[in-house]
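Take a look at the structure below.
The values are calculated or read from the model by the stated rules, or taken from the named source; none is laboratory data. Note that this is a predicted model, so its numbers are computed, not measured. Because the Cβ atoms are built from the backbone with ideal geometry, glycine has one as well, and the counts that use them run over all protein chains shown. Side chains are part of the model used for accessible areas, which takes the heavy atoms of the whole protein and leaves out ligands, DNA and RNA. Shrake-Rupley method; radii C 1.70, N 1.55, O 1.52, S 1.80 Å.
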Amino acid sequence: MVMTRKNSNSKKFVFLCAIFASLNSVLLGYVYSKSVVTICANYFADVGVMSGAILFIQEDLKISEVQEEVLVGILSIISLLGSLAAGKTSDAIGRKWTIAFAAIIFQTGAAVMTFAPNFRVLMIGRLFAGIGIGFGVMIAPVYIVEISPAIARGSLTSFPEIFVNLGILLGYVSNYAFSGLPAHLSWRIMLGVGIFPSIFMGFALFVIPESPRWLVMQNRIEEAREVLLKTNESEREVEERLAEIQVAAGMANAEKYEAKAVWHEILYPSPSVRRMLITGCGIQCFQQITGIDATVYYSPTIFKDAGIRGNTQLLAATVAVGFTKTMFILVATFLIDKVGRKPLLYVSTIGMTTCLIGLSLTLTFMGKGKIGIGLAILAVCGNVAFFSVGIGPICWVMSSEIFPLRLRAQASALGAVGSRVSSGAVAMSFLSVSRAITVGGTFFVFAVFSAFSVAFVHTCIPETKGKTLEQIEMIFQNEGEWNRQELEMGDIQQLVQKE
């Protein structure tokens, strides 16, 4: 009875830690929603519908179209700098306090934007917010990976992706709730509301512990043991985990764990580290170059090209995309530690490829009729569903759990930079590429990238379900063990039957 109660308490504690660590991801989604609304505004503004913060900023501060594009597009560029800096910072001050630092930076940016008297000050606030988001996006998965037990690590590490979508939803709600206010107040309140998740994060710091693996790296063994006692189900398991972490930390400390040594190992990797970098950075890039941000950012463009004309219908179709994305991330959370990473990635990448080909053919050959519109909506919703059930959340899980302790923070940061660069490149080139080769042709290009991602999953992604972080490291070090990770087709068939 006592053991059952302890098991329950440890699970609840880890669950709360994962939720609190993911709060910064709400901020990414919240700010992201303002960018999505900007795209939608291009279609709704001509009939006088004042929707989204950017429209009120245009009216109040009299910014130009170029300034609007810079205001929206700068986020991805600045957030990648934050992600890159977060790696070294988290190694220096710890995972927990890096999360706190991210919240403070974002709060500063949100406050500056809320009271900005002109475009220049607004951009300064946007820069702070972007850096804070970059820190938060990188450190949350690393912290959750390091504090979670192996049996639930995949589900818990997918929480940040869920919270990103929650932030998008909150952004849409705030746009609607405050749109009736005067222009000089509405956009300031819309942006200022983004401060609240950071405030909750401040309270969370009194609850969440430091990462036990970082504590071991600092030779704070007893503190690490206390954390492991809270997050694991038995003292025997605690001692086993602590021994594994100490071995891994001992290897890092033997190399003095200096930043120069870390980057030297990343830039001149051993065969095992090279495999890790290919897997971690590759899955981050494939997550974005298959066009998910273009699908979400420019869903009004897609649906308008398919033949939808009414503003109400455009909005309804866009909301359907967001709802589908959120619901299927929840499905992934339940399946990732039961089915495994690799089967879900196969289903995800194959499904996305099919939907992207279908969308390309529909936009190119089906014209503007009702059948074409229905197929376009189905293809877009199917694409975001397959993304959310697999590569969307699993990308962050894999890139945080595969690297050894001595490299984890900075290698994960490098992967996050790859994700941000790929995302920005796709989002900023979509309209120009679509004008050159049509929207249908653009999605055919995304389908080709998605097909390559299937091959990438087959050759470069091992199964990590149920393994400790130290065991995962051994998979990459032992090529024979890697080969034994190959997925059998029966696993995929079993997954399809479950769904």
Does the range 419-449 hold any residues that are within 25 Å of Leu75 (Cα to Cα) and open to solvent by less than 20 Å² (accessible area, probe 1.4 Å), and which are they? Ser419, Ser422, Ser423, Gly424, Val426, Ala427, Phe430, Ser434, Val439, Thr442, Phe443, Phe446
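Results for (1) modelled with pLDDT under 75; (2) open to solvent by 30 Å² or more (accessible area, probe 1.4 Å), shown as yes or no for each residue.
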{"site": "Phe119", "(1), (2)": "no, yes"}
{"site": "Phe128", "(1), (2)": "no, yes"}
{"site": "Met138", "(1), (2)": "no, no"}
{"site": "Ser148", "(1), (2)": "no, no"}
{"site": "Phe178", "(1), (2)": "yes, yes"}
{"site": "Ser186", "(1), (2)": "yes, no"}
Are any of the residues in the range 264-275 part of a helix (DSSP H, G or I) and more than 23 Å from Leu84 (Cα to Cα)? yes
So Pro462 clears everything in (1) part of a helix (DSSP H, G or I); (2) within 15 Å of Val273 (Cα to Cα); (3) at pLDDT 80 or above except one condition, right? Which one? (1)
List pairs: first in the range 96-116 and closer than 23 Å to Val14 by Cβ, second open to solvent by 30 Å² or more (accessible area, probe 1.4 Å) and assigned to a helix (DSSP H, G or I), Cβ under 6 Å, 6+ apart or cross-chain? Thr98/Thr89
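Residues are listed down the side, and each one gets a yes or a no for (1) modelled with pLDDT of 80 or more; (2) surrounded by fewer than 18 Cβ atoms within 10 Å (Cβ to Cβ):
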residue: Met190; (1), (2): no, no
residue: Gln218; (1), (2): yes, yes
residue: Glu226; (1), (2): yes, yes
residue: Ala261; (1), (2): no, yes
residue: Ile289; (1), (2): yes, no
What helices (runs of 4 or more DSSP H) lie completely within the range 66-166 and have 3 or more residues being aliphatic (A, V, I, L, M)? 95-114, 119-147
